[in-house]
Amino acid sequence: MDLPSPYSWHSVDQWPESGHAGGVDIHYFAAARAAAGTDREQVDQLPGTLGELLDARAAAHSGTTEAGMGLGEIFSRCTFLLDGRNSERSAELSGVRRLDVLPPFAGG
């Protein structure tokens, strides 16, 4: 009997589409969530690269963490996952559906 892979249901290809054609769902965690003032947002109009998207989101959010850090400052310390894959600021956004913004976590 063939059993399904325990990871098959987590496949990036099976993640639900964002609610917007051509857009991306951004998921903020920890300090990024605090500075953005939300845990999730959808962006319809995407620039060409992750770096351009991050710059635009930092400019759009004026909130700070309890320590006074803005979103742009937090981004400089984050790991970014595009559709589950570790990505640099130079990464192209064509076809991307999800961005996870992961600041460093304590106790790592």
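Numbers for the structure displayed
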quantity: Computed label-point distance, nm, for sites E88 and R40 using a 7 Å Cα→Cβ extension; calculated: 3.1 nm
quantity: Over segment 40-108, relative contact order from alpha-carbon pairs under 8 Å, at least 6 apart, %; calculated: 34 percent
quantity: Shape category assigned to segment 23-108 from the gyration tensor of Cα positions, a/c cut at 1.5; calculated: prolate
quantity: Gyration tensor (Cα) of segment 59-108, equivalent ellipsoid semi-axes in angstrom; calculated: 22, 15, 9
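No lab work stands behind these numbers, since they all come straight from the coordinates. The structure presented is a predicted model; accordingly, all values stated were derived computationally and were not measured. Heads up, the Cβs are rebuilt from the backbone with ideal geometry, glycines too, and the neighbour counts pull from every protein chain shown.
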